[in-house]
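Engineer: Attaching a single structure in structure tokens format; questions to follow.
The values are calculated or read from the model by the stated rules, or taken from the named source; none is laboratory data. All figures in this text were calculated on a predicted structure; none of them were measured in a lab. Positions of Cβ are generated from backbone atoms using ideal geometry, with glycine treated the same way; all protein chains shown enter the neighbour counts.
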Amino acid sequence: MINKAIFWNIISVRTQKAFERLVDLHKTHQYSYIALLEPFQSPSELEMYRRKLGLPNARTNSSVKIWVFWEDVWVKTGSTDTCQQITMQYQLRGTEDKFTVIIVYARCSALERLELWKDLENIAEHTKDPWLVGGDFNTITGESEKLGGLPVTHQETADFVSCASACSLNELKFVGSSYTWWNGRIENDCIFKRLDRVFGNNEFLQVLPNSEVHHLIRQGSDHTPLHVICNASQEHVVKSFRFLNF
């Protein structure tokens, strides 16, 4: 299925340091899947960046806020998208193995994010295949995922936590900083949050139980790149929202 992937809110692929870093990371890790959020480019530029990355396939969502690139070993069997997500169904070439990848770029407004949560709940209801969902959710699950700024309220986290629980999503364990976004300010105005993450459903973790996410150092963007390693070699303790008390 998936070997290595990277999900990153890159904040413009034209930012030289960011794209150069992405190319270097890809040379080192040979990603089979790359998802970029907020590329801030016309859809006509997608093909040029696909060639630069050396991956044979590319697709964008309707709002052009999400770009995805993938290897030929993944045969796309279907796709749907909205302004906040793109859902891609794949089959591993030469096998019967099917799986789904959902890339999220959530709106800043809690009201607008309700549409995204409904989309994810609908997918969970209608698919039994393994699926992975990751990206920038633009919200957090509790006060431990924010440093600085105003106190976290139950109201601003409840919808996200409820959606993850309803979808039986399990958060992949992570390595690195607890925060994936910085507001770019210092001292008393400095705020850190964990806006970016990756989940798998139960079926995904049955197949790849030792999958994990590495939070890389921020460079060229105010978001951390999520380096995803999918591994079935060892027993993995699942952190499921269904068993957490927020």
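Engineer: Conditions: (1) within 21 Å of residue 223 (Cβ to Cβ); (2) at pLDDT 95 or above; (3) assigned to a helix (DSSP H, G or I). Residue 17 meets all but one. Number of the miss?
Structural biologist: (2)
Engineer: Only one of these is more than 25 Å from residue 215 (Cα to Cα), touching an Asp or Glu at 6+ places or on another chain (Cβ under 7 Å) and not hydrophobic (A, V, I, L, M, F, W, C): 118, 173, 98, 193. Name it.
Structural biologist: Exactly one residue qualifies, and that residue is 98.
Engineer: Sticking with this structure for a sec: Checking residue 36 against (1) among the hydrophobic types (A, V, I, L, M, F, W, C); (2) under 20 Å from residue 196 (Cα atoms); (3) in contact (Cβ under 8 Å) with a residue 40 or more places away in the chain, which test does it fail?
Structural biologist: Going through the list (1) among the hydrophobic types (A, V, I, L, M, F, W, C); (2) under 20 Å from residue 196 (Cα atoms); (3) in contact (Cβ under 8 Å) with a residue 40 or more places away in the chain, residue 36 breaks only (3).
Engineer: Would you call residue 204 in contact with a strand residue (DSSP E or B) (Cβ under 6 Å, 6 or more places away or on another chain) and outside any strand (DSSP E or B)?
Structural biologist: Here the answer is yes, as residue 204 does meet what is asked.
Engineer: Which one is surrounded by the most Cβ atoms within 10 Å (Cβ to Cβ), of the residues in segment 177-190 that are outside any strand (DSSP E or B) and either in contact with a Leu (Cβ under 7 Å, 6 or more places away or on another chain) or touching a residue at least 60 places away in the same chain (Cβ under 8 Å) (or both)?
Structural biologist: 180
Engineer: Taking the stated definitions as given, is residue 162 modelled with pLDDT of 95 or more, surrounded by fewer than 16 Cβ atoms within 10 Å (Cβ to Cβ) and touching a helix residue (DSSP H, G or I) at 6+ places or on another chain (Cβ under 9 Å)?
Structural biologist: yes
Engineer: Residues in segment 108-129 that are in contact with a Lys or Arg (Cβ under 8 Å, 6 or more places away or on another chain) and either surrounded by 18 or more Cβ atoms within 10 Å (Cβ to Cβ) or at positive phi (or both): how many?
Structural biologist: 2
Engineer: Residues to consider are 189, 119, 136; find the one that is more than 18 Å from the chain's Cα centre (by Cα) and among the acidic types (Asp, Glu).
Structural biologist: Among 189, 119, 136, only 189 is more than 18 Å from the chain's Cα centre (by Cα) and among the acidic types (Asp, Glu).
Engineer: Of all residues being in contact with a Gly (Cβ under 8 Å, 6 or more places away or on another chain) and closer than 20 Å to residue 4 by Cβ in segment 166-176, which is surrounded by the most Cβ atoms within 10 Å (Cβ to Cβ)? Just the residue, please.
Structural biologist: Step by step, filter segment 166-176, then rank; the result is 172.
Engineer: Among (1) at pLDDT below 95; (2) surrounded by 14 or more Cβ atoms within 10 Å (Cβ to Cβ); (3) in a helix (DSSP H, G or I), there is one condition residue 157 misses while meeting the rest; what is its number?
Structural biologist: Going through (1) at pLDDT below 95; (2) surrounded by 14 or more Cβ atoms within 10 Å (Cβ to Cβ); (3) in a helix (DSSP H, G or I) one by one, residue 157 breaks only (1).
Engineer: For segment 93-109, which residues satisfy the criterion of being in contact (Cβ under 8 Å) with a residue 60 or more places away in the chain and of a type in the set (Asp, Glu)?
Structural biologist: Within segment 93-109, just 97 meets the criteria.
Engineer: Oh, and also: Give segment 58-74 a look and list any residue that's part of a loop (DSSP other than H, G, I, E, B) and of a type in the set (A, V, I, L, M), or say none.
Structural biologist: 64, 73 - these are the residues of segment 58-74 that are part of a loop (DSSP other than H, G, I, E, B) and of a type in the set (A, V, I, L, M).
Engineer: Would you be able to say whether some residue in segment 17-27 is of a type in the set (Lys, Arg), farther than 28 Å from residue 114 by Cα and either exposed (fewer than 15 other Cβ atoms within 10 Å of the Cβ) or in contact with a helix residue (DSSP H, G or I) (Cβ under 6 Å, 6 or more places away or on another chain) (or both)? It would help to see each step written out before you state the result.
Structural biologist: Residues of segment 17-27 of a type in the set (Lys, Arg): 17, 21, 27.
Next cut, farther than 28 Å from residue 114 by Cα only: 17, 21, 27.
Next, from what is left, pick out any that are either exposed (fewer than 15 other Cβ atoms within 10 Å of the Cβ) or in contact with a helix residue (DSSP H, G or I) (Cβ under 6 Å, 6 or more places away or on another chain) (or both): 17, 27.
Taking every residue of segment 17-27 in turn, at least one turns out to be of a type in the set (Lys, Arg), farther than 28 Å from residue 114 by Cα and either exposed (fewer than 15 other Cβ atoms within 10 Å of the Cβ) or in contact with a helix residue (DSSP H, G or I) (Cβ under 6 Å, 6 or more places away or on another chain) (or both).
Engineer: I'm checking my understanding of the structure. Among residues of segment 110-135 that are free of Cβ contacts under 8 Å to residues at least 60 places away in the same chain and touching a Cys at 6+ places or on another chain (Cβ under 7 Å), which one is farthest from residue 89 (Cα to Cα)?
Structural biologist: Among those residues, the one meeting the criterion is 117.
Engineer: Surrounded by 15 or more Cβ atoms within 10 Å (Cβ to Cβ), assigned to a loop (DSSP other than H, G, I, E, B) and modelled with pLDDT of 95 or more: is that true of residue 55 in this structure? Walk me through how you get there before you give the answer.
Structural biologist: Details: surrounded by 15 or more Cβ atoms within 10 Å (Cβ to Cβ): yes; assigned to a loop (DSSP other than H, G, I, E, B): yes; modelled with pLDDT of 95 or more: yes.
For residue 55, the condition - surrounded by 15 or more Cβ atoms within 10 Å (Cβ to Cβ), assigned to a loop (DSSP other than H, G, I, E, B) and modelled with pLDDT of 95 or more - is met.
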